[in-house]
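Notes follow the structure.
The values are calculated or read from the model by the stated rules, or taken from the named source; none is laboratory data. As the structure is a prediction and not an experimental result, all values here were calculated from the model. Don't worry about glycine lacking a Cβ; one is built from the backbone with ideal geometry, like all the others, and counts go over all protein chains shown. The protein model used for the area step is the full one, side chains on, heavy atoms only, and it has no ligands, DNA or RNA in it. Shrake-Rupley method; radii C 1.70, N 1.55, O 1.52, S 1.80 Å.
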Amino acid sequence: MSRKITAALLITAAVLTNAAFTVLGMVFNYPDVLKEPVEEILAKFRASQNAVTFWFALLALSAALFAPIAIGVGRLSTHRVMRVAVPVGIAAAVVQVIGLLRWPLLVPAVAADASSPDPATAAAARDTGEGR
């Protein structure tokens, strides 16, 4: 990977991360919303579900960019430490993507269940959300 591509990926990741984080703060009060009770978090998620899902997916995409960035940065140096730094960078990207993708992939079902008219289903969803 060339230096120019690595630089472009770094800039793209930074712009996407900042944009997504800023908009999530405006539409979902993220990350402060996580300090609220689960019922309120899920209600706020349902109220802006499409926007929150989109921006978390974009945030996950920006985190995924750090895997090729780690490879590109690793190729800029022949220092021994890069043999460790590159896999650590890739692993960090994978962990971040997994954590962020729960919002668009798992939380919609939990939020829907939390508003269920069935008390047992709603309670189970709230209990699931307590594990955040």
Here, trypsin sites (Lys or Arg not before Pro) of the stretch 73-111 satisfying both criteria (DSSP loop; at most 11 other Cβ within 10 Å) are R80
The chain - accessible surface per residue (Å², probe 1.4 Å):
59 Å²
Residue-by-residue Karplus 3J(HN,Hα) for the stretch 92-107, coefficients 6.51, -1.76, 1.60, Hz, glycine and proline x
4, 5, 4, 4, 5, 4, 4, x, 6, 6, 5, 5, x, 9, 10, 5
Where the only charges are on Cβ atoms (+1 Lys, Arg; -1 Asp, Glu), what is the dipole of the chain about its Cα centre, to the nearest 20 debye?
960 debye
Test of understanding: what is the full-extension gain from A91 to A19, defined as 0.36 nm times their sequence separation minus their Cα-Cα distance?
23.6 nm
For log10 I(q)/I(0) by the Debye sum over Cα atoms at q = 0.12 Å⁻¹, calculated from these coordinates, the label among (1) -0.56; (2) -0.82; (3) -0.45:
(1)
Output the Cα-based Rg and Dmax of the stretch 1-55 in Å, rounding Rg to one decimal and Dmax to a whole number.
15.1, 48
Expressed in nanometres to one decimal, the distance between label points 7 Å along Cα→Cβ at R83 and M1 is 2.1 nm
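Between N50 and T121, take the C-beta separation as r, use R0 = 22 Å, and let me know the FRET efficiency to the nearest 0.05.
Numbers: r = 23 Å, r/R0 = 1.03.
Between N50 and T121 the formula returns 0.45.
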Directionally averaged shadow of the stretch 42-98, computed from the convex hull of its alpha-carbon atoms, nm²
4.2 nm²
At 1.4 Å probe size, with no ligands or nucleic acids counted, give the accessible surface of V88 in Å², nearest ten.
90 Å²
Which translational diffusion coefficient, to the nearest whole µm²/s, is obtained for the stretch 80-132 from the Stokes-Einstein equation, given a Kirkwood hydrodynamic radius over C-alpha pairs, 20 °C and 1.002 mPa s?
162 µm²/s
How many percent of the accessible area of the chain is carbon or sulfur, using a 1.4 Å probe?
67 percent
If I stretch the segment between M26 and L106 completely, what's the gain in nm (0.36 nm per residue apart, minus their alpha carbon distance), one decimal?
26.6 nm
